[in-house]
Structures are given as C-alpha cells and as structure tokens.
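Encoded as structure tokens, the structure appears first; notes follow it.
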Amino acid sequence: MKQKEFKNAEEALEKFGECASIRATALNQGVSRVANKMIDEERRCVLYLYEHHQIERLLPCLKNENPGIRMDAASILLPYFEQELMNKVRSKECVDTLFEIAKDKDNCYGFVGIIAEITLDQWKKGMLSLLWKDNVVKTTV
C-alpha cells in the first residue's frame, strides 16, 4: 500500500510531532514494534522537509513540552547543523536539548532520557549521521 504524500510542510511537521510523541510513549512502555514503526514515519516526514528545504522548521520542536518530540528533533537536527551547515550555535542548541533530557532520565523522562544519553555519546564519538541519508536511521537508537 502506497503511503499518502504530504500536502505541505505543516502536514509533515504535524505528523512528525505525532509520531515522535507516540514513539516516546512506546519506548517508555517497552513496545519496540510501535517505536520502530514511528521512527520509519518520522524518517518520511524529515525526508519531505529536507527535500522541500524546510528541515529547519523542526527548530521549534526543540522547545516542545514533550521530551520525545524534543529528543527526536534534536537528534535529527544535530548532524544536519554540524555536517551540512557547520552552524555551531544551532548544534549547541541541539546538544543542550539532548543533555537536558538525558540528565532527567531517572525522574520523569525514563527510557527517552536514556536514548538522549546514548545519542549524546554517539555524537561525541562522531557517529551521528543524517536521518534521511541512505535511507538509514542513524541518529536515534
């Protein structure tokens, strides 16, 4: 079954937020099948935004109240700002977002906080790559 194409960037952003939120819940509940399905949907959203030169529209997600949305947006944007734009200010925003989520992993963020911590570790090792490149998810664990 062919997936429905997005009409515009707003629709892709809305779907991204929805998927990231569901994914965070699934991760914290240990439902990996749902989490994996949502990351595939997120990839589709990000690819649309990237191909339409709208990827930076994910920036407001770094301030979202949902830690899953913040984490996934930061994980996607961090390698983009570092590798494609060489923008240290925006890269730092992403790192700060991931750090904030990771430091609270034992309190309210649960497994999402652990994933943020792993993502930061992978970033420090230089192992993050762009989500939409080669159709492989590498920015999230």
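Every number in this text was worked out from the coordinates using simple rules, so none of it is lab data. This is a predicted model, so every value here is computed, not measured. Backbone-built Cβ (ideal geometry, glycine too); neighbour counts: all protein chains shown.
Before moving on, here are some points about what is shown:
- Within-12-Å neighbourhood charge of Glu56 [Cβ basis; K, R +1; D, E -1]: 0
- Cut-off 20 Å, label 7 Å out along Cα→Cβ of Glu65, residues of the stretch 11-27 by amide N: 14-26
- The stretch 1-55 - charge dipole about Cα centre, Lys and Arg +1 at Cβ, Asp and Glu -1, debye rounded to 20: 260 debye
- Pairs spanning more than 24 Å between alpha-carbon atoms, out of Lys15/Lys92; Lys7/Lys88; Lys37/Lys92; Lys88/Lys124; Lys15/Lys37; Lys92/Lys124: Lys15/Lys92; Lys7/Lys88; Lys37/Lys92.
- Sites matching trypsin sites (Lys or Arg not before Pro) across the stretch 7-45 that sit in DSSP coil, with at most 10 neighbouring C-beta atoms within 10 Å: Lys7
- Near Cys94, once Lys and Arg are set to +1 and Asp and Glu to -1 for all other residues with Cβ below 10 Å from its Cβ, the sum equals 0.
- Across the stretch 9-127, the mean sequence separation of Cα contacts (distance under 8 Å, 6 or more residues apart), normalised by length, yields a relative contact order of 21 percent.
- For the stretch 1-35 versus the stretch 48-109, the spacing of their alpha-carbon centroids is 16 Å.
- DSSP loop GluC sites (Glu not before Pro) with at most 16 other Cβ within 10 Å excluded, longest remaining stretch of the chain: 66-141
- Contact order relative to length of the stretch 1-47, as percent, for alpha carbon pairs under 8 angstrom and 6 or more apart: 41 percent
- Student exercise, the stretch 9-127 dipole from Lys, Arg, Asp, Glu Cβ charges, in Debye to nearest 20: 280 debye
- For the chain, the fraction of C-alpha pairs more than 23 angstrom apart is 26%.
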